[in-house]
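Undergrad: Quick one: the structure is below, questions incoming.
The values are calculated or read from the model by the stated rules, or taken from the named source; none is laboratory data. The structure presented is a predicted model; accordingly, all values stated were derived computationally and were not measured. Cβ: placed from backbone, ideal geometry, glycine included. Neighbour counts: every protein chain shown. The area values use the complete protein model at the heavy-atom level, side chains included, leaving out ligands, DNA and RNA. Shrake-Rupley method; radii C 1.70, N 1.55, O 1.52, S 1.80 Å.
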Amino acid sequence: MWWKENIVYQIYPRSFLDTSETEFPDDGIGDIPGIISRLDKLKSLGVGIIWLSPVYKSPDADNGYDISDYYSISPKFGTMADMEKLFAEAKKRDMRIIMDLVINHTSDEHEWFVKSRDPKSPYSDYYIWHPGKTSKRGRRLPPNNWTGFFMGETWEYDEKRGEYYLHLFDKKQPDLNYKNPKVIEEVKNILKFWLDKGASGFRCDVINIIYKTSLTDGKRSLAVQGLEHFKSQEGNHEVLRELRRDVFDKYDCFTVGETVFVDLEDARLLSNENRKELNMLFFFDHLEVDRRIAQFIPKKFRARKLLEVITKWQQGLDWNAMYLENHDQPRIVSHFGAAERDRALDGKPGELWQRSAKMLGLFQLTLRGTPYIYQGQEIGMTNFDFKSLDELNDVVSHSLNKLMKKLCIPKFLRWKWIKASSRDNSRTPVQWDNSENAGFTKGKPWLGINRNYKFINYASQENDPNSILNFYKKMITLRKHSMCLIYGEFLPVYADDRLIIYQRKLGEELYTIALNFSSRTVKAPKKFNELFRGTQVVSASGKKLEGTNSVCTYGVCTLLPWDGVLVRSN
Ligand code: GLC
């Protein structure tokens, strides 16, 4: 199956590469011609599918996740002709493109919403409107106590219509009403439009909360309040089945759902092939092993916990979407890797940054499921060393700051948490070379360029056989040629606070993977020595396992700090 055997690469267009070939030349915002010019590089990395974050027309309250026209391209990114060229150029290279489908909400500047503000318009039921409640003193109150994903209100009063509308995200992102069959028809038309243009599928944004069963008060909760009325509702499953039956099944395409607070049980319902809803989905559990309360507050990382969570998902679902980074998450080498500890004063990262980035690549590329690599991950890009809130663009970071201020959380703590969790960490422009602005733009970049671009950039890694980039290339090639690494069973073997060991098995083919998530040298317990008897296929440090000379005769596994090894048993 092509979407199981390929590597997906996520492009966040505004931070990918800016050119002078659009209506806004050198505007500091990446564009479609920029993507086209780098297709050969992606091909040589081994990428077969590109997931494009939104490129549609949008006022950019949430960087394109607030769409004002699903049928046109934002002039910042280019034109429809550029988009058609991108489909054609990708096809020439045997690559496919999937689009981002944001249908829980639109922008408040979308024509449907503008018209919906008039109760007599045919669009009046396209969104979730409600007159609200009245307090004993006659004050107008919102319809319920729900709280939103962006840490603010979920209801906004519209003077023109004289009613509240629901927005689970920003107030510029009103939620669509999936009880209205006309909305579903509109979505089908959007899907067909893009599939006919050449898209090979969709990444479906927050897809398990689109259907709101009721608008009554939610249970008191520190996280999002009201979830039980809109998370993974039966109505939601029905909409997905209808889209699958009427559209997706008629094309050679696939869907990957982004979900919210999804547990294994929900995930099975959403992605089990027999139920004919989504093909696979993104979950968040594995990236939250070192965080508490809705992601923001850190707790100690323990490798044991990571293996436990990964095993649950690897064995619990028939097929996974495996990612370590995206445009909403911190950079993985700063999160689970050694980048933060391993930085000299001038920002120059050291050997452990590089080794841990490779070890994490080894981890991701030896799991069962379609791998999703996020732009810059393949060169070990790190979190941004923000100096102040003014350097941040992310709407969530700003509202989180406001909320924490209200809760009287001291400034230094607010800043510490925001710095570590801000979505802008992964949104800084791709570091292509060591020229001004990292070769990303000739203009002023829309978001700061990471100060370490002179040390971490694509060009410097291309010709370095020991680079992270070349390690990814090697791992991708290896994976593509091994049915075992793609489809094999996932078998957990051992974990402690620092080390994890697991295997992949298909028929006679067996791989053992050991990863050290710490700055100490670790040794696997003796009883596992047997597992490391075989051919060492690859290691993050480039060092051979102890007592070995390409063949692990002693079968001992001692790992250097942040090292990872892959051994094939014969
Ligand atoms: C998803 C997107 C995120 C966006 C949100 C609202 O989580 O990945 O970037 O802000 O949905 O559309």
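Undergrad: Being without any contact (Cβ under 8 Å) to a residue 40 or more places away in the chain and on the phi < 0 side of the Ramachandran plot narrows it down to one residue among Gly337, Gly361, Gly350; which is it?
TA: None of the others qualify; the one that does is Gly350.
Undergrad: When segment 12-71 is examined, which residues are found to be touching a Pro at 6+ places or on another chain (Cβ under 9 Å), open to solvent by 20 Å² or more (accessible area, probe 1.4 Å) and of a type in the set (A, V, I, L, M)?
TA: Correct list: Ile29 only.
Undergrad: Here's a follow-up. Could you list, in sequence order, all residues of segment 471-497 that are open to solvent by 40 Å² or more (accessible area, probe 1.4 Å) and among the basic types (Lys, Arg)?
TA: Hits for segment 471-497 are Lys473, Lys474, Lys480.
Here's the yes/no breakdown for (1) in a loop (DSSP other than H, G, I, E, B); (2) more than 16 Å from the ligand (Cβ to nearest atom); (3) in the same structural domain as Ile310 (by TED's automatic domain parsing):
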| residue | (1), (2), (3) |
| --- | --- |
| Leu215 | yes, yes, yes |
| Ser221 | yes, yes, yes |
| Gln225 | yes, yes, yes |
| Glu228 | no, yes, yes |
| Asn236 | no, no, yes |
| Glu242 | no, yes, yes |
| Val260 | yes, no, yes |
| Glu277 | yes, yes, yes |
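Undergrad: So which residues in segment 136-149 are hydrophobic (A, V, I, L, M, F, W, C) and either open to solvent by 20 Å² or more (accessible area, probe 1.4 Å) or in contact with a Lys or Arg (Cβ under 8 Å, 6 or more places away or on another chain) (or both), if there are any at all?
TA: Selection gives Leu141, Phe149.
Undergrad: Let me ask something else about it. Please find, among Ile67, Ile29, Ile11, Ile35, the residue that is in contact with a His (Cβ under 7 Å, 6 or more places away or on another chain) and hydrophobic (A, V, I, L, M, F, W, C).
TA: Ile67
Undergrad: Of Leu287, Leu270, Leu278, Leu352, which residue is open to solvent by less than 10 Å² (accessible area, probe 1.4 Å), under 27 Å from Thr477 (Cβ atoms) and not small (Gly, Ala, Ser)?
TA: Working: Leu270 fails: under 27 Å from Thr477 (Cβ atoms); Leu278 fails: under 27 Å from Thr477 (Cβ atoms); Leu352 fails: open to solvent by less than 10 Å² (accessible area, probe 1.4 Å).
Matching residue, one of Leu287, Leu270, Leu278, Leu352: Leu287.
Undergrad: Let me ask another. Would you confirm whether or not segment 168-176 contains a residue that is surrounded by fewer than 18 Cβ atoms within 10 Å (Cβ to Cβ) and not basic (Lys, Arg)?
TA: no
So that you can scan it fast, the table gives a plain yes or no per residue for (1) at pLDDT 95 or above; (2) touching a helix residue (DSSP H, G or I) at 6+ places or on another chain (Cβ under 6 Å); (3) acidic (Asp, Glu):
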| site | (1), (2), (3) |
| --- | --- |
| His398 | no, no, no |
| Arg414 | no, yes, no |
| Trp432 | yes, yes, no |
| Phe440 | yes, no, no |
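Undergrad: Of the numbered conditions (1) at pLDDT below 95; (2) of a type in the set (Phe, Trp, Tyr); (3) open to solvent by 30 Å² or more (accessible area, probe 1.4 Å), Phe532 fails exactly one; give the number of that condition.
TA: All conditions pass for Phe532, except number (3).
Okay, residues lined up against (1) outside the structural domain of Arg355 (by TED's automatic domain parsing); (2) more than 16 Å from the ligand (Cβ to nearest atom); (3) within 18 Å of the chain's Cα centre (by Cα); (4) surrounded by fewer than 14 Cβ atoms within 10 Å (Cβ to Cβ):
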{"site": "Glu391", "(1), (2), (3), (4)": "yes, yes, no, no"}
{"site": "Ser399", "(1), (2), (3), (4)": "yes, no, no, no"}
{"site": "Lys405", "(1), (2), (3), (4)": "yes, yes, no, yes"}
{"site": "Gln431", "(1), (2), (3), (4)": "no, yes, no, no"}
{"site": "Gly439", "(1), (2), (3), (4)": "no, yes, no, no"}
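Undergrad: Only residues in segment 23-43 that are within 23 Å of Ile7 (Cα to Cα) count as the first member; pair them with residues that are of a type in the set (Ser, Thr, Tyr) and open to solvent by 30 Å² or more (accessible area, probe 1.4 Å), Cβ under 9 angstrom, at least 6 apart or cross-chain, and list the lot.
TA: Ile32/Thr79; Pro33/Ser20
Undergrad: Among the residues of segment 167-178, count how many are within 14 Å of the ligand (Cβ to nearest atom) and assigned to a loop (DSSP other than H, G, I, E, B).
TA: Qualifying residue count for the region: 8.
Undergrad: Sticking with this structure for a sec: So which of Asp246, Asp196, Asp205 is within 15 Å of the ligand (Cβ to nearest atom) and either open to solvent by less than 40 Å² (accessible area, probe 1.4 Å) or not small (Gly, Ala, Ser) (or both)?
TA: Answer to the selection: Asp205.
Undergrad: What are the pairs with Cβ atoms under 6 angstrom where one residue, in segment 142-166, is not assigned by TED's automatic domain parsing to the domain that holds Gly226 and assigned to a loop (DSSP other than H, G, I, E, B) and the other, located anywhere, is open to solvent by 30 Å² or more (accessible area, probe 1.4 Å) and within 16 Å of the ligand (Cβ to nearest atom)? Sequence gap at least six, or different chains.
TA: Going by the 6 Å Cβ cut-off, the qualifying pairs are Phe150/Asp170.
Undergrad: Still on this structure, I have one more. Pick out the one residue from Ser460, Ser482, Ser422 that is closer than 30 Å to His398 by Cβ and of a type in the set (Ser, Thr, Tyr).
TA: Only one candidate qualifies: Ser422.
Undergrad: Would you mind telling me which numbered condition in (1) within 16 Å of the ligand (Cβ to nearest atom); (2) at pLDDT 95 or above; (3) assigned to a loop (DSSP other than H, G, I, E, B) Thr382 fails?
TA: (1)
Undergrad: Right, something else. Please go through segment 79-135 and give me each residue that is in contact with a Pro (Cβ under 6 Å, 6 or more places away or on another chain) and surrounded by fewer than 17 Cβ atoms within 10 Å (Cβ to Cβ), ordered by number.
TA: Glu109, His130, Gly132
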